[in-house]
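All of the numbers you see were taken from the coordinates with simple rules; none came from a lab. Just so you know, these numbers come straight off a predicted model, no measurement behind them. Cβ placement follows ideal geometry from the backbone for every residue including glycine, while neighbour counts extend to all protein chains displayed.
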Amino acid sequence: MDQAVSSSNELVFAPLGGAGEIGMNLAIYGLGDSRHCKWIAVDLGVAFAGDDLPGIDLILPDIRYLIQERDNLLGLVLTHAHEDHFGALIDLWPRLKVPLYATQFTAALLQAKREGEPGAPDIPVNVVPLGGRFGLGPFDIELVSMAHSIPESNALIIRTPLGAVLHTGDWKIDPTPVIGPPTDETKLRALGNEGCLAVIGDSTNAYREGRSPSETDVAACLGELIRSAPRRVAVTTFASNVTRLRAVAKAAAGEREVVLVGRAMDRIVQVARETGYLEGVQDFRSVDVYGHLPVEKVVALCTGSQGEARAALARIAQDEHPDVAFSPGDRVIFSSRAIPGNEKAVMRVINGLVAQGIEVITDRTHLVHVSGHPRIEELKELIGWVRPQILIPVHGEPLHMAEHAALARRCGVRRVLTCRDGELVRLAPGPPEKIDELPAGRLYKDGALLVSAEERTVADRRRLGFGGIVSVALAVSHRGDLVGDPRVMTTGVPETDAHGNRIEDLAYEAAVEALESMPRAQRRDPDALAEGVRRAVRAALAAVWNKKPTCHVHVLQL
Ligand SMILES: [Zn+2]
Ligand SMILES: [Zn+2]
């Protein structure tokens with residue numbers, strides 16, 4: 001093959017988020033050569049931070065590569081409106097300002113989210129119909145409806161002169177999904193007949209045997225539990241799971257009023273009504289009527305299924321909600337499962353409720369939740385329909401992706417490749433191969449700011465959480481003699497040692513002793529003096545405490 005021709009016409013793929021973690025999904029596809037590519041991006045999501053990142057709520061993909069390539073970026077296509085796929089838009093889209101494509105529900109939810117965040121930028125969206133097809137430069141993109149746990153989840157068929165790629169997005173096979181069309185088997189089979197170069201696919205449940213149950217069965221179980229409840233019922237679920245909201249409403253119809261508790265619930269219900277997903281469902285009531293309804297006439301739909309401290313359910317469990325309280329004998333249903341990292345927070349809420357005598361029902365004992373992601377038999381079925389030459393697992397931690405890769409090999413996919421965030425893979429021509437490493441990483445949302453994960457900020461915060469901080473302020477003359485009394489302050493350090501000596505006094509003595517034992521030349525150099533004192537204070541505290549705090553020494557030379 002003519003090398004010059006082949007290298008100037010390559011189809012490449014790179015995950016910039018979501019390959020190696022569940023969350024912050026961002027994938028890019030490029031056509032061109034290694035020096036000049038036209039790109040499209042798929043999704044721009046967040047991941048949720050756990051206790052290991054103190055003070056951080058959200059993790060976003062580092063998009064410095066896309067910023068650098070902005071002139072070659074033709075568009076950003078959203079597969080669906082879950083936070084791990086579109087949650088970074090408000091923060092990051094202004095840095096790209098590329099044309100954005102999404103279906104109606106996703107676009108409406110983005111709009112509602114922007115309205116709820118003062119100062120959020122205006123983000124224009126090109127609305128694509130379900131199953132629609134559109135061109136972005138040399139890319140021909142077609143949406144494929146997939147069943148999932150939110151309305152309008154789409155896979156993308158990305159057709160190029162070098163072959164067609166199926167980017168699955170999040171999906172499952174549910175022949176009776178309650179809301180929206182089932183996974184479009186016909187279109188996927190047709191892609192298989194047309195010829196599919198590569199599948200870039202969801203690995204979330206690749207280690208789970210069998211098939212995930214249908215939303216219809218979950219709706220039946222929820223209905224049963226709501227109808228049989230002796231007193232109040234509350235259901236908590238991801239607000240975006242409109243299917244569950246509908247199931248609760250159907251079960252309550254004519255028997256109980258549905259009260260929405262939590263801002264995210266209000267927002268989704270408004271969007272779902274606008275887009276027709278709650279057609280035929282009775283009006284919901286706002287939270288202020290809750291207290292006036294008889295206990296057997298109410299079902300509350302609450303936010304907070306992930307144990308979020310500020311969401312409705314956690315506040316109710318702590319008896320801190322202004323409008324809503326539960327009492328013994330009430331029933332709370334978790335129509336959800338904790339996202340990895342949130343397990344402890346969820347257990348705290350459950351224990352808070354149980355301690356109040358409230359009956360808690362979870363998916364451990366009842367079919368009140370199913371995942372929106374494909375299990376092994378569903379993954380096999382998709383591979384059978386599409387028969388790709390290449391499969392690359394994404395949307396998973398390394399274990400999920402390895403399981404997905406092994407499964408694809410067992411199913412006879414000839415070329416299976418696993419890659420991580422930032423790895424650039426050539427899909428065609430020739431066998432798939434990693435050809436480059438792009439700048440990739442993580443950003444942390446820290447209050448109103450975005451900070452790079454490579455900055456010291458969060459690592460420092462973790463260190464402070466472990467060992468606290470000691471500050472020492474010293475004034476010395478030009479000759480290096482102490483002027484006045486040094487000041488010592490501690491934060492997050494024990495007050496006394498095992499013998500009852502005050503730790504601040506120990507730090508003070510260590511500082512003075514260090515200064516007095518230093519040669520005069522060192523005492524006259526403020527930096528050398530500070531460093532000597534810092535070491536002495538940390539060593540003195542380590543001797544009684546077995547920990548070394550962060551220590552700041554301020555030297556004022558008079
Ligand atoms: Zn999803
Ligand atoms: Zn996802």
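First check a/c for the range 90-184, with a ≥ b ≥ c the square roots of the eigenvalues of its C-alpha gyration tensor; if it is under 1.5, answer rounded, and if not, answer prolate when a/b is larger than b/c or oblate otherwise. Cα axes put the range 90-184 in the oblate bin. When each of THR176, THR550, THR236 is scored by the number of other beta-carbon atoms lying within 10 Å, the sequence from fewest to most is THR176, THR550, THR236.
The gain in end-to-end length when the ASP283 to ALA325 segment is fully stretched comes to 12.9 nm, 0.36 nm per residue minus the alpha carbon separation. Peptides 63-72, 261-270, 76-85 ranked from most to least packed, by the mean per-residue count of other Cβ atoms within 10 Å: 76-85, 261-270, 63-72.
Which residue, chosen from ALA272, LEU558, LEU225, occupies the Cα position most advanced towards the positive end of the dipole of the chain, where the dipole is computed from +1 (Lys, Arg) and -1 (Asp, Glu) charges on Cβ about the Cα centre? My answer, from the dipole projection, is LEU225. Reported to the nearest whole Å, the Cα centre-to-centre distance from the range 397-472 to the range 75-138 is 23. Only lysine pairs 8 or more places apart, or on different chains, with alpha-carbon atoms under 28 angstrom apart are counted in the chain, and they number 18.
On full extension of the chain, what length is gained from ARG231 through ARG420, given 0.36 nm per residue of separation minus the C-alpha to C-alpha distance?
Details: separation 189, 0.36 × 189 = 68.04 nm, distance 5.00 nm.
Roughly 63.0 nm would be gained on extension.
Which whole-number percent gives the relative contact order of the chain, counting Cα pairs below 8 Å spaced six or more residues apart? Dividing the mean separation by the residue count of the chain yields 15 percent.
Taking 0.36 nm per intervening residue step and subtracting the Cα-Cα distance, what contour gain separates LYS547 from GLN68 on full extension? Intermediate results must be reported in sequence, preceding the final value.
On the way: separation 479, 0.36 × 479 = 172.44 nm, distance 4.41 nm.
That works out to 168.0 nm of additional length.
Going by a ≥ b ≥ c, the root eigenvalues of the Cα gyration tensor, does the chain fall in the rounded group (a/c under 1.5), the prolate group (a/b larger than b/c) or the oblate group? Oblate, because a/c is 1.5 or more while a/b does not exceed b/c. Volume of the convex hull of the range 295-383 (Cα atoms only), normalised per residue: 122 Å³.
How large is Rg/Rh for the range 260-309, to two decimals, with Cα atoms and a Kirkwood Rh?
Details: Rg = 12.2 Å, Rh = 12.2 Å.
For the range 260-309, the value is 1.00.
Looking only at the range 59-99, which residues have a backbone nitrogen under 17 Å from a spot 7 Å from the Cα of ASN126 in the C-beta direction? Those under the cut-off are 70-80, 96-99. When each of the peptides 95-105, 489-499 is scored by the mean number of other C-beta atoms lying within 10 Å of its residues, the order from highest to lowest reads 95-105, 489-499. Distance between the pseudo-spin-label points of HIS366 and ASN501 (7 Å out from Cα toward the beta carbon): 6.1 nm.
Which order do peptides 534-541, 320-327, 40-47 fall in by mean Cβ count within 10 Å, highest first? Display every interim value, and only then the final one.
Numbers: 534-541: 19.9, 320-327: 15.2, 40-47: 26.1.
Ranking, from highest mean packing down: 40-47, 534-541, 320-327.
Going by the alpha-carbon gyration tensor, a ≥ b ≥ c the square roots of its eigenvalues, is the range 159-293 rounded (a/c under 1.5) or, if a/c is not under 1.5, prolate (a/b greater than b/c) versus oblate? Taking the square roots of the gyration eigenvalues as a ≥ b ≥ c, the range 159-293 is prolate. What's the local net charge at ALA219, with K and R +1, D and E -1, over the other residues with C-beta under 13 Å away? Combined, the nearby Lys, Arg, Asp and Glu give 0.
If Lys and Arg each add +1 and Asp and Glu each add -1, what is the summed charge of the other residues whose beta carbon sits under 14 Å from the beta carbon of ARG364? Before the final figure, lay out the partial values.
Numbers: positive: ARG337; negative: GLU343, GLU359, ASP363.
Result for the local shell: -2.
P(r) tail for the range 403-446: Cα pairs beyond 14 Å make up 61% of the total. In this rough spin-label picture, where each label sits 7 Å from Cα along the Cβ direction, the ASN193-LEU449 distance is 5.8 nm. Our summary gives the range 330-450 a relative contact order of 17 percent, counting only alpha carbon pairs under 8 angstrom and 6 or more residues apart. Our summary gives the range 442-491 a relative contact order of 25 percent, counting only alpha carbon pairs under 8 angstrom and 6 or more residues apart.
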